[in-house]
Every structure is written in structure tokens, then in C-alpha cells.
Amino acid sequence: MVIETTGLTFNFGSQTVVNSLSLQVPQGSIYGFLGPNGAGKTTTIKLLLNLLQHSQGDIKIFGLDFATNRTQILSQIGSLIEQPAIYSHLTGRENLINRAILLQINESRVDEMLKLVQLTDAAHKKAGKYSLGMKQRLGIALALLPDPKLLMLDEPTNGLDPNGIIEIRELLKRLTKEQGKTVFISSHLLAEIERMATHVAIINKGKLLFQGEIKELETLSKPQVRIETNNTVDAANLLTKNGYVVAEINNDHLSVAYKSKEDTGKINALLNQTGLTVYSIHKVQKDLENLFLNITQNQAV
Amino acid sequence: MKGFILSLKSEFYKSRKTLGFWAAILLPFLLLFFTSIGYYTNSDKVAGAPGLLTWMRFASIALNVMGALLLPMYVIFIAYSVNSIEHKADTWKTLFSLPIGKWWVYAAKFFYAMLLVFITLMLFALFTIGFGNLLGLLKPEIKFADYHMELILLQVYFKLFLSALGILSIQFLLSLLWSDFLKPMGIGFLLFITGVICNGVGWKYAYTIPYAHPMLALKSMFPRKPNMPPTQIVVDIFTQDVFISLGVSVVVFIAGFYIVQKKSVK
């Protein structure tokens, strides 16, 4: 395990922000750390970076303890916490050089990173004048600069445009697949995590609700097929007759459980053959709120 | 130790384009430059005095302004400036998650602030010497060439530097804990005024207030002994106020580290 925590607890005053968290992040994984805003994600990341001191529990990173191996652990981690920490009076390149000085890294690596996050053209522009997306990309370049074994990214796609999000996603996938790096990434968007993570943990109010492989989450999240037709009631009756369970119906649309792509095609054909007009038919994921409900209900059972 | 040197290098790299850094050079340059212009244009009024007196008068303009008012305010500004660079960029979390001991990061930052104050004061001495000699060349009737006080000037400004370390350590800690300018500036200014008043009324224990140390350092600068010839000047560097300033800075510097370590990084 690259990260292993047991019973990790952090109190802020009388409030328990992180409650008995036991995380297991395997090597080479993209570990999605999912939770709504204020769930304790950033606090957990700060605990994992030794920026905050935990009240109880234990943290092992690369099997090592912070008490005795702080420098060794941190030298193998690249991190991006909340908004990227960037000196706005320096250019993008100077920001990277400054970090390279601190980490004793060759300047050629700086240019490599600029290229990787596509900031070469803006390298000599003051970072204060960067757009939010550019700042985020510079933050990612800073995190990647020391070629770390473990990347900890706190909501790294914040402020990125769709293209930027896809690029980051592909980059992270490549880093884990080709270089065996481990990525710990937090987000409040289920869809984002589902698209790239191999492992997922879900926390709410400081407590771990779920931890496992992405496949396990898919069984929990139960995607649905959402259908818009010219007559939802007829469509619902037709589908029920054919053995589908209609999960939701209103004037506008209806939803049935998602089975497979092929099955979605069959539903479409069936509706068409009966003379109904299908305006749209597509797979939808449950949002985080509904997923929480599912998980907590499952736990109660 | 390597972490300290790397951090120090980075401090220089990131501050070299800021006002805090340039103030260290511009402040002594501009003050001495304008004093020299004043001397140059009014050379008839200042000409004729003996060498020692000419140097003393010339040096005391910058020295009095600096010791009495500017030095404490400048130190407050420098302490703010080296810390605000991190507050503004929200980079404390990055600095404290580097594979460099927190102690070295903290120490390098303090040392850098100290270095800036040191450079400023040494430049005051050097610009005084430089501009004095230049005036002596351009206007030989001002008798700068008759006397040499390079060593004395360096000693004088070195003493002022030592006397400012107490203020620096306190202001450094305040600026590190608070991200805004007003709190450390306000507190610093109040304490400075307190120092001025206590010193002004001749309070016996004024030496316990670090903010009064630069003024006290000027007062105790040139001890006069009964058997000394009038042309001889001795600088007494290690006076009571300087020792207290040094003591305060060591204690606050070490205490500051533990306060910073206990404080969670936001």
C-alpha cells in the first residue's frame, strides 16, 4: 500500500472533522477520494502531508512513518491542495524554477513540465495574469516537477474547461499505467471520478462511507436509462409489459435500470416499433446525493 | 543545513522582483543621494569646517533619520514583506510540505529578513563613505578628504543593525501569524511610539523595550571618556540595549518556531 491509515481522526476544537478514517491506497492506482464540499477531504490530504497533526490513529506512507521519515516521504510526493499555490509576481516559468531550486532539480525539467501542461507559450507571462485553468495547470506542473511516486491532487480539475479536464484525466491515466505512479485525487463530482479512478473512497462528514474498486461502486451506483418520448405513460406501460421495472416516471421522461449498451438499443427499438417517438435515450449515473442514500441504506440493512 | 541554503536561495529568487528587496538598496541610496545633492548645491554653507566635523555632520543626517524613525518602521516593513509573499500566494502549505525540515524553512526566512536589514544598513555606511568622498572630489572646499571614518561608520551601522534585531524578531513572528498588513504594522507602530515616549521622558527601564533600542543605540554610540582627545572617536558597540536586543531576538526566534509548528497550516 502506498497510503495506509488506520483510525485517522482529527478534531478541530470540539468538532471532529475526520473521524476514524482507514484508507488503503494501492500502488499504481488512481484513488478517487469523493465527498461533498466540507466532508473533510482537504483536511485528510493535509493530514497525509503532515501539514496538520492528527489527534488519533496512524498514517503510513510508502510504509513509513512521518515521525521518523518526514523528508524521505515528502520527497516522493507531489501535491496540489485547494487553489494552486503560485507567486503571482513571478512568471509561470519562474514559479517552476523557484521550486526546482528548492528541490535541486535541473532546469531542463522545468521546460519539460511547461510543455506537458501546455504552458510553453505563456511561460514568460506573469502567473498573476493567468486564467484559472492556466493556474491549475501550473499547479499540476509544480506537483509533477519532482517526478514523484505519489501525486496528491485536491480537486485538480476545478476551473478547467472540458478540454483541460480531458487532458488532465488522460495524463493521470498515462502516469499510472506507464510509470506506475499512484494518484490520490479528491473531487465532489462522482462522474469525474468514475471516468478515471481505479479505486474509490467516499467520505461524508469526516466518515468513510465506502472504499473499494471502481467496479464495486458501479454495482452500488446503479446507473439508469433515461428516456424522453412523445408519450411517457404509454412508453412506461409498454416497458413494464416487456419485463422492465420503471424506476421513475413523470410528464417529461421515464427511467429504467441500466443493464448494457445492447439492452439500451433494444429498448429504443421496442419503443420505435410501437410507434412511439424517442426524443432521447441515454445512460445516467446517480448523483452523489442519491449514491449516499443508497450506501447508507445498504449499511442500515 | 542544505535545506537552509536551498530555502535561502529560493527566498532571494522569489523576492528579487519585489519592493521589499529593492527597498533594501533604494532606501540608503536615495537618502544619501538627496543629502549629497543638498551638500553639493549648498557647498558654500558647509565648506570650511574641519574634516571630522564635516563627516560627522554629513553622516548624522542619514543616521538620525534612520535611527530615530526610519529603522524601526523599515524593519516592520521588511518583516511583513518576506512573510506576505507567502500569505498572498497561499504558499505556506507548499513550503511546509517540501522535503526540507520545517525548521530550516523558518530559519532561512528569518535569516533572509535579517540579511535584508543588514544589507540596508551596510549600504548606508558604504553610500555615506562613497558620496562623502565623491563630494570631496567635486567640491574640495568641503573638507571630506581631510578625515577618514570608514571603520567608524561601519561600526555605527553594525551597532544599529544589532539594535534592530529585537524588533525584527517580534515583527517577523507577528507578520508570520497574521496575513494582513494592518495588525503587525499597527502593533509595531504602537510599540514604537511607546519606545519613543519612554525614551523621551528618560524612563530608566526604556532599554527593556526593543522598539526603543535603535534610539538608545544612537545615544550610547560614542562614549566620552575624560582623558580622550576631542578628535578621537570610539564606537561602543556592545552596550546594554544591544545585548537586550540580541537576547530578545534569540528568544522570540526560537519561541516563534514552536508557535509556528503548533499552528495548523490553513
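Return the total of residues in the stretch A:137-163 being in a helix (DSSP H, G or I) and either crowded, with 19+ Cβ neighbours inside 10 Å or touching a Cys at 6+ places or on another chain (Cβ under 8 Å) (or both).
Matching residues across the stretch A:137-163 total 8.
Are any residues in the stretch B:151-182 of a type in the set (Phe, Trp, Tyr) and at pLDDT below 90, and if so, which ones?
B:Trp178, B:Phe181
For the stretch A:85-136, how many residues meet the condition of being of a type outside the set (A, V, I, L, M), farther than 13 Å from B:Ala89 by Cβ, over 27 Å from the mean Cα position of the chain (by Cα) and part of a loop (DSSP other than H, G, I, E, B)?
5
Going through the stretch B:11-57 one residue at a time, which ones are within 14 Å of chain A (Cβ to nearest Cβ) and either free of Cβ contacts under 8 Å to residues at least 12 places away in the same chain or not in a helix (DSSP H, G or I) (or both)?
The answer is B:Tyr13, B:Arg16, B:Lys17, B:Thr18, B:Trp22.
Please count how many residues of the stretch A:70-84 are open to solvent by 40 Å² or more (accessible area, probe 1.4 Å), modelled with pLDDT of 90 or more and either more than 10 Å from chain B (Cβ to nearest Cβ) or under 24 Å from the mean Cα position of the chain (by Cα) (or both).
So the count comes out to 1.
Take B:Val46 and decide whether it is of a type in the set (A, V, I, L, M) and within 25 Å of B:Gly195 (Cα to Cα).
So B:Val46 fails the test.
Of all residues in the stretch A:164-204, which are under 21 Å from A:Leu291 (Cβ atoms), small (Gly, Ala, Ser) and surrounded by fewer than 20 Cβ atoms within 10 Å (Cβ to Cβ)?
Listed by number, the list holds a single entry, A:Ala191.
Just name the residue that is nearest to the other protein chains (Cβ to nearest Cβ) out of those in the stretch A:85-120 that are open to solvent by less than 10 Å² (accessible area, probe 1.4 Å) and of a type in the set (Val, Ile, Thr).
My answer is A:Val110.
If you scan the stretch B:197-219, which residues turn out to be in a helix (DSSP H, G or I) and over 17 Å from the mean Cα position of the chain (by Cα)?
Passing the criteria: B:Ile197, B:Cys198, B:Asn199, B:Gly200, B:Ala206, B:Tyr207, B:Thr208.
Within the stretch A:253-271, how many residues turn out to be open to solvent by 80 Å² or more (accessible area, probe 1.4 Å) and not basic (Lys, Arg)?
Within the stretch A:253-271, residues that are open to solvent by 80 Å² or more (accessible area, probe 1.4 Å) and not basic (Lys, Arg) number 1.
Given the criterion at pLDDT below 90 and either on the phi < 0 side of the Ramachandran plot or open to solvent by 50 Å² or more (accessible area, probe 1.4 Å) (or both), identify the matching residue among B:Met185, B:Met221.
Going through B:Met185, B:Met221 in turn, just one is at pLDDT below 90 and either on the phi < 0 side of the Ramachandran plot or open to solvent by 50 Å² or more (accessible area, probe 1.4 Å) (or both): B:Met221.
Let's see how each residue does on (1) surrounded by 18 or more Cβ atoms within 10 Å (Cβ to Cβ); (2) closer than 25 Å to A:Lys149 by Cβ:
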{"position": "A:Val18", "(1), (2)": "yes, yes"}
{"position": "A:Ser22", "(1), (2)": "no, yes"}
{"position": "A:Ile30", "(1), (2)": "yes, yes"}
{"position": "A:Gly35", "(1), (2)": "yes, yes"}
{"position": "A:Ala39", "(1), (2)": "yes, no"}
{"position": "A:Thr43", "(1), (2)": "yes, yes"}
{"position": "A:Leu52", "(1), (2)": "yes, yes"}
{"position": "A:Ser55", "(1), (2)": "no, no"}
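Looking only at the stretch B:70-97, how many residues end up being small (Gly, Ala, Ser) and either touching a Lys or Arg at 6+ places or on another chain (Cβ under 7 Å) or away from chain A (no Cβ under 13 Å) (or both)?
Matching residues across the stretch B:70-97 total 1.
The values are calculated or read from the model by the stated rules, or taken from the named source; none is laboratory data. The shown structure was predicted, so the numbers you read here are calculated from the model rather than taken from an experiment. Note that we place each Cβ from the backbone using ideal geometry, even for glycine, and neighbour counts take in every protein chain shown. All accessible areas refer to the heavy atoms of the entire protein, side chains included, with ligands and DNA or RNA removed. Shrake-Rupley method; radii C 1.70, N 1.55, O 1.52, S 1.80 Å.
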